[in-house]
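Comments concern the structure below.
Every read-out reported here was derived from the displayed coordinates using simple, explicitly stated rules and does not represent laboratory data. Because the structure is predicted, anything quoted here is derived from the model rather than measured. Cβ placement follows ideal geometry from the backbone for every residue including glycine, while neighbour counts extend to all protein chains displayed.
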Amino acid sequence: MPNLADMGNKSKKYSVPVVVYSPESQLRRPLVMFRSMVKDLSVSRELAWRLFIRNITAQYRQTFLGYLWVFLPPLVTTVTFVFLNAQKIIRISETEIPYPAYVMIGTLLWQGFADAVLSPLKIINQSKSFLAKMHFPREALIMAGIGEVLFSFTIRLVLMFCVFIWYRIPLPATAILAPAGILSMMALGLMFGIVLTPLGVLFQDIEKGLPLILGMWMLLTPVVYPLPTSWPASLLSKLNPVSPLLVTTREMITTGTLTQLHPFLIILGVTMLLLLLGWVLYRLALPHLIERLNI
Amino acid sequence: MSEELLISVDLVSKKFCRYLKKSLWYGVQDIFAEILCRDNGGRRLRSGEFWALQDVSVEVKRGEMLGLIGQNGAGKSTLLKMLNGLMKPDMGTISIAGNVQALIELGAGFNPVLTGRENIYINAAVLGISKRKIDKALPDIIDFAGLEDFIDTPVASYSSGMKARLGFSIATQLDPDVLLIDEVLAVGDMAFQEKCMRRMDALRNSDKAIVFVTHSLYQVEALCNKALWLDKGSVVQYGDAGEVVRAYLDNQERRAMEESRREGIDYQGRVTEATRAYLTSRDNRSTAQKTIRDGHSVDLVDITKVELVDSTGEVRDEFPFYSDFLVRIYYNASKPVFRPLFNLRFLHNGRGVFEVSMLIDGHGPEWVEGAGMVECTIPSIPLTPKLYDILLFVRSGDGIADISTMRTVANFRITDDHLDKIPLVGPMAMNHIRQGSPVYLPRTWRFYSGKTLIQTVESRYHEPE
């Protein structure tokens with residue numbers, strides 16, 4: 001935990017483990033930090049599970065529509081684009097599967113990514129008073145957040161199955177890889193979310209701006225349209241890290257031909273590395289954030 | 001009692017920033033400093049910063065309880081939060097041994113939509129306790145909190161007292177080595193507060209180390225063996241709980257008196273419309289009035305000196321409990337004054353305790369002029385050991401107008417001397433009389449069995465020989 005230097009049994013004077021808090025940066029003892037990161041992660045599980053259960057049970061208790069709220073965002077997006085396309089208000093090039101199915105799959109995958117981006121900041125802002133007044137492994141919050149993202153995604157899979165059955169789309173063999181694709185998208189989202197968290201807790205601009213940015217980002221990602229091949233629109237797929245992940249995952253469950261596998265793997269590797277660094281940043285930043293929140 | 005040191009705070013300091021925007025920006029800087037392994041300025045304060053805590057050192061061993069006292073904003077909660085690892089110290093080190101439980105704020109971890117039972121599980125998980133251990137402790141937690149009938153109702157419907165009970169119960173039933181408690185017990189009812197105090201006493205006796213923030217000095221004196229008095233982030237006094245509390249109380253009283261004295265000075269020169277009307281209508285008939293020039297009052301009776309005298313005739317500012325008390329007022333009347341009425345108001349902590357007034361007791365001589373002196377004797381002054389102020393004002397003969405400015409003319413202390421002449425019972429009695437009511441009235445208790453008088457208890461004070 002914050003600047004924890006677990007001296008363990010080094011000191012014979014104590015019958016119990018000792019924790020030392022000092023102004024020194026935890027990075028000065030990377031080994032100690034790494035050990036406590038691993039330890040905190042493992043002790044977080046129980047708490048994360050409790051928080052997860054709490055959040056999903058408490059989340060919709062005070063709503064009229066209840067869990068319907070999980071389905072509403074992708075449904076509304078799909079209906080909107082299917083309507084716009086059908087009325088020829090926007091022109092979207094031919095897709096390999098029926099357009100409604102295409103949009104539905106795209107928005108569901110995008111929603112998984114977007115939820116993951118928003119998750120860390122959302123759960124930390126929800127738990128501010130908790131964080132400021134109780135000492136617990138802070139990883140638990142992030143884990144509970146991931147749990148929620150996965151939970152919502154799983155519920156929404158129902159929509160996806162309906163679409164597959166309705167349009168009689170056959171599942172290719174690569175569909176077995178789909179979970180990996182989905183998890184990679186969420187990992188990328190989580191990475192962005194965690195890296196933004198320190199600033200986001202201090203300045204609410206981030207929380208206010210994120211939905212805006214994500215809205216625009218979605219339109220710049222081949223969610224409701226196929227990957228553009230002509231320059232300069234093709235830049236979208238090169239500069240936008242979500243594109244290869246989303247396109248590949250969609251291909252895994254529809255066509256079975258993975259056109260973006262290379263960029264997919266590179267982005268996944270970089271994401272994992274940055275996620276680890278984001279975690280370190282999160283641990284270093286939290287005591288400072290709590291201090292500045294002053295609640 | 002084991003000598004194991006569980007909490008050791010060594011010259012710890014913490015900076016806070018007054019302004020939100022700056023504070024947030026410093027937060028960003030501090031995070032960067034941490035990433036780059038640079039220090040965050042150490043002793044240097046950035047603009048807008050102040051020391052929320054400075055050079056605090058304390059030690060708490062097993063079986064000890066430390067009370068943190070001080071006014072709001074003294075840094076008590078900041079220290080507690082650092083002990084709990086919620087914030088990093090800016091300077092110094094804190095070492096904590098063993099399993100720590102903290103009750104920083106009531107219901108911090110309670111989700112209002114969920115039931116009490118659900119919240120117990122979450123709270124315990126937050127504190128890092130396994131489900132098995134909670135299952136075992138659950139009946140005790142519910143029982144101690146006294147919430148059997150409400151445990152399956154949402155916490156939103158709990159009163160703040162019920163939340164306090166639940167929070168305290170969870171934190172203390174889970175066998176911590178170190179217990180940190182912020183002033184959370186104030187919201188519970190008396191019965192629960194007492195229960196909590198007993199519980200804390202029991203925990204201390206079972207070799208835990210406890211740090212306890214409270215505004216109840218009584219609790220500190222009764223429970224803690226050490227106390228730390230903080231003022232604006234600095235240590236004023238640290239040591240034996242009784243001594244620190246006594247010093248703190250004296251200081252509190254002095255502050256309150258200074259305030260009331262300042263108010264007294266404020267009073268000067270203020271004449272109400274009613275008084276002004278009265279004075280102008282009667283100005284020609286009587287000289288026993290205050291003269292008014294340019295809207296400012298001028299005292300007709302000047303108080304030149306006030307002395308407090310004890311039974312032996314000696315001037316002093318400390319008096320034994322229930323001893324004879326004499327106030328000597330030297331005055332100077334610039335014009336002949338008709339039947340002036342002297343009034344003495346006794347104040348403790350800025351509040352009136354009692355008043356002796358010639359408005360009640362009757363007139364003195366018809367005309368008073370030039371320098372003179374009035375004495376007022378109060379036999380066996382019925383005040384308990386505390387600090388007191390005397391406020392003096394003189395009224396015109398009809399009792400309506402002030403003819404001298406109301407102001408504080410003296411202060412004195414009633415000491416513990418002669419307290420042994422009354423039958424104090426038990427170790428807390430002294431505390432009771434010090435912190436309780438300022439007025440002491442002799443009284444008699446009579447016990448009846450049926451209609452027969454079986455015993456009389458008299459609080460009668462026996463003159464010291």
Per-residue [θ]222 nm for the protein assembly as shown (sum of -39500 (n - 2.57) over DSSP H runs n ≥ 4, rounded to 500): -14500 deg cm²/dmol
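I need B:Ser449, A:Ser127 ordered by Cβ neighbour count within 10 Å, fewest first.
Sorted ascending by nearby Cβ count, the order is B:Ser449, A:Ser127.
B:Lys131 to B:Asp175: extension gain in nm, 0.36 nm per residue of separation minus the Cα-Cα distance? List each step's numbers first, then the result.
On the way: separation 44, 0.36 × 44 = 15.84 nm, distance 1.47 nm.
Taking 0.36 nm per residue and subtracting the Cα distance, the gain is 14.4 nm.
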Simple spin-label estimate for B:Met430 and A:Trp231 in nanometres, 7 Å along Cα-Cβ: 9.3 nm
³J(HN,Hα) computed for each position of the stretch B:393-408 - Karplus, 6.51 cos²θ - 1.76 cosθ + 1.60, integer Hz, glycine/proline x: 8, 10, 10, 5, x, 8, x, 9, 9, 6, 10, 9, 6, 5, 7, 6
Within-14-Å neighbourhood charge of A:Thr257 [Cβ basis; K, R +1; D, E -1]: -1
Degrees separating the helix A:99-126 axis from the principal Cα axis of chain A, which is the longest one: 20 degrees
Ranking of B:Val374, B:Val220, A:Val158 by count of other Cβ atoms within 10 Å, fewest first: A:Val158, B:Val374, B:Val220
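Treat every Asp and Glu Cβ in the protein assembly as shown as -1 and every Lys and Arg Cβ as +1, leave all other atoms uncharged, and give the resulting dipole magnitude about the Cα centre to the nearest 20 debye. Present the calculation step by step, with values, prior to reporting the outcome.
Numbers: 80 positive and 75 negative charges, 518 e Å.
Dipole size: approximately 2480 debye.
Once you charge only the Cβ atoms, +1 for Lys and Arg and -1 for Asp and Glu, what is the size of the charge dipole of the stretch B:311-372 about its Cα centre, to the nearest 20 debye? Show your work: numbers first, answer last.
Working: 6 positive and 8 negative charges, 46 e Å.
Value, rounded to 20: 220 debye.
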0 to 90° range, to nearest 10: angle between helix B:241-267 axis and chain B longest Cα axis: 40 degrees
For B:Asp231, distant residues with modelled amide H under 5 Å away: B:Val236
Sorted by Cβ neighbour density within 10 Å, fewest at the top, the residues B:Leu20, B:Leu203: B:Leu20, B:Leu203
Rounded to whole Hz, the Karplus (6.51, -1.76, 1.60) HN-Hα couplings of the stretch B:96-101, x for glycine and proline: 10, 9, x, 7, 10, 10
Amide N of the stretch B:429-457 lying under 12 Å from the label point, which is placed 7 angstrom from the Cα of B:Arg351 along Cα→Cβ: B:436-439
Distance (nanometres) between label positions extended 7 Å along Cα→Cβ at A:Arg45 and B:Asn205: 4.1 nm
Normalised contact order of chain B, rounded percent, pairs of Cα under 8 Å and 6 or more residues apart: 13 percent
Options B:Leu36, B:Gly70, B:Ser47, ranked by Cα towards positive dipole end of the stretch B:1-71, top entry (Cβ charges): B:Ser47
Scaled radius of gyration (Cα, divided by 2.2 N^0.38 Å) that the stretch B:317-399 gives: 1.19
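Within the set of other residues whose C-beta is less than 10 Å from the C-beta of B:Met65, count the net charge using Lys and Arg as +1 and Asp and Glu as -1. Mind dumping the intermediate values first?
On the way: positive: B:Arg204, B:Lys208, B:Lys226; negative: B:Glu64, B:Asp201.
Taking every other residue near B:Met65 into account, the sum is +1.
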Modelled FRET efficiency - R0 45 Å, B:Arg254 with B:Tyr19, Cβ distances, 0.05 increments: 0.85
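State, as an integer percentage, the relative contact order of the stretch A:174-295 based on alpha-carbon contacts under 8 Å between residues 6 or more apart.
Details: 92 pairs, mean separation 49.9, N = 122.
Reported relative contact order: 41 percent.
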Between 0 and 90°, nearest 10: helix B:273-282 axis offset from chain B longest Cα axis: 0 degrees
Calculated from backbone phi, Karplus (6.51, -1.76, 1.60) coupling profile of the stretch B:215-229 in Hz, x at Gly/Pro: 9, 8, 5, 4, 5, 4, 5, 6, 10, 8, 9, 10, 9, 10, 9
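Once the convex hull of the alpha carbons of chain B is built, what does its volume come to per residue, in cubic angstrom?
On the way: hull volume 121.3 nm³, N = 465.
Per-residue hull volume (Cα only) is 261 Å³.
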Potential lengthening between B:Asp231 and B:His363 on full extension [0.36 nm per residue; Cα-Cα distance subtracted]: 42.6 nm
Mean-position separation - Cα centroids, the stretch B:306-378 and the stretch B:388-402, in angstrom: 10 Å
Built amide H within the under 5 Å cut-off of B:Ile181, gap 5+: B:Leu103, B:Val211, B:Phe212, B:Val213
Histogram of C-alpha separations across the stretch A:181-295, 5 Å bin width, %: 2, 11, 17, 19, 18, 13, 9, 6, 3, 1, 0
Modelled label reach - B:Glu318, point 7 Å along Cα→Cβ, the stretch B:400-428 residues with backbone N closer than 14 Å: B:412-419
Cα-projected label distance for A:Leu273 with B:Gln71, points at 7 Å along beta-carbon direction, nm: 5.7 nm
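How big is the Rg/Rh ratio for chain A, C-alpha atoms only, Rh by Kirkwood, two decimals? Walk me through the numbers on the way to the answer.
Values: Rg = 21.6 Å, Rh = 21.0 Å.
Expressed as Rg/Rh, it is 1.03.
Find the all-direction average of the projected area of the Cα convex hull for the protein assembly as shown, expressing the result in square nanometres with one decimal place. Can you show the working numbers first?
On the way: hull surface 201.1 nm².
Orientation-averaged projected area of the Cα hull: 50.3 nm².
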Net charge contributed by nearby residues that have their C-beta within less than 15 Å of B:Asn111 (K/R +1, D/E -1): +3
Sequence-distant residues sharing a close amide H with B:Leu6 (under 5 Å, placed H): B:Val60, B:Lys61, B:Arg62
